[in-house]
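Q: For reference, the structure I am asking about is given below.
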Amino acid sequence: AVVSTQSTGGEVKDTRMLPRIVAISMTIVTILYVLAVTSYHIILDMDTMKSGSALASKLAGIKIGQAGEVFYAIAVAVSTLGNAMCASLAASRFLQAGGRSGILPGCFGLVNTKFKTPVFSLLFVMVASTVFISFGNVFKLINTASFTSFAFTTLCAVGLLVMRRTLPDIPRPAKVSLFFPVSTAVMGLYLFVIPWITNWSMCLLWTGLTLAGVPVYFVCVRGVYRPSSFIKLSDSWTNFMGKLLNSE
């Protein structure tokens, strides 16, 4: 819920509702998750649980029959597709914000004039996801994405706590209890540290790939070294993609 509000918060007219949205959504999701896991343990045997494959469909097959198993399989597929679409849209909004603020090349900030969507950022997310999936297992991709995502989520939560202490009087669109950033930082830190114990090589690889973007940022974005040819090439590419994708 906390991660989702990062991308949808700008779409909400009354930002004062955001803390309540986070609290309600987290409560509902937690209750549903606990009830689902509890039902698995009550109805399914341990061997089926250990298989970890389509547990909801197997549970429906036992209690309802083959029709229930098919229905649950379709429902899970639709839910997964919807989540993937929402995740793609959310990720593209992050890239769009980076393009508009100058952190990323300007082409990432392009928005379609008709549909008002960041088309270039969406295409980039789709192409990058396809490339990553083609080179490995999808479950490994999920683990690595979660690892890097929670690392930055933890940093954001810690940054909020620091700003609450150092800049207490700055305007805040939404005021939240310290419970939210503290709990997010604690859970995020836990989810960041545990993978280092279970699969340190994967963590080292993706930490290195993430840190590789730091010199690129300082050289190409902060202006430490931005030759005129690079600026012209970036502007020409942005103008070309804007015309191609009917975006501005």
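The values are calculated or read from the model by the stated rules, or taken from the named source; none is laboratory data. Values in this document were obtained by computation on a predicted structure and should not be read as measured data. With ideal geometry, Cβ positions are generated from the backbone for all residues, glycine too; neighbour counts draw on all protein chains shown. Surface areas here come from the heavy atoms of the whole protein model, side chains and all, with no ligands, DNA or RNA. Shrake-Rupley method; radii C 1.70, N 1.55, O 1.52, S 1.80 Å.
Q: Given a Förster radius of 41 Å and the C-beta distance between Val70 and Val186 as r, what FRET efficiency does 1/(1 + (r/R0)^6) yield to the nearest 0.05?
A: Rounded to the nearest 0.05, the efficiency is 0.50.
Q: Normalising by the residue count of the stretch 105-248, find the relative contact order in percent from Cα pairs under 8 Å and 6+ residues apart.
A: The value is 38 percent.
Q: On to the next question. With a 1.4 Å probe and all protein chains left in place, how much accessible area per residue does the chain have, in Å²?
A: That works out to 70 Å² per residue.
Q: Now, a different point. Taking loop as defined by DSSP and a crowding limit of 10 other beta carbons within 10 Å, which trypsin sites (Lys or Arg not before Pro) in the stretch 138-178 fit?
A: Lys175
Q: Dipole magnitude of the stretch 19-137 about its Cα centre, charges +1 at Lys/Arg Cβ and -1 at Asp/Glu Cβ only, in debye to the nearest 20?
A: 520 debye
Q: With every protein chain left in place, what is the accessible area of Leu160 in Å² (1.4 Å probe, nearest 10)?
A: Counting only protein heavy atoms, Leu160 exposes about 70 Å² to solvent.
Q: Need the full-extension length gain, Val37 to Ala128, defined as separation in residues times 0.36 nm minus the C-alpha distance. One decimal, nm.
A: Working it through step by step, the gained length comes to 29.4 nm.
Q: Assigning unit charges at the beta carbon (Lys, Arg +1; Asp, Glu -1) and nothing else, what dipole magnitude in debye, to the nearest 20, does the chain show about its Cα centre?
A: Around 640 debye, computed over the chain.
Q: Let me ask you something else. Starting from the Kirkwood radius over alpha-carbon pairs of the chain, derive D by Stokes-Einstein at 37 °C in a medium of 0.692 mPa s and give it in µm² s⁻¹.
A: Taking Rh from Cα pairs, D becomes 153 µm²/s.
Q: Another one. Could you give the DSSP H helices of the chain that reach 20 angstrom or more along their long axis (alpha carbon positions) and whose average Kyte-Doolittle hydropathy is no lower than -0.5?
A: Membrane-span-like by this rule: 18-43, 66-101, 119-134, 138-166, 179-198, 228-244.
Q: For the chain, how many pairs of lysine residues have a Cα-Cα distance under 22 Å, where the two are 8 or more positions apart or belong to different chains?
A: Eligible lysine pairs with Cα atoms under 22 Å apart amount to 9.
Q: Per-residue counts of other Cβ atoms within 10 Å, averaged by peptide: what ranking do you get for 190-200, 120-130, 39-49, highest first?
A: Result, highest mean first: 120-130, 190-200, 39-49.
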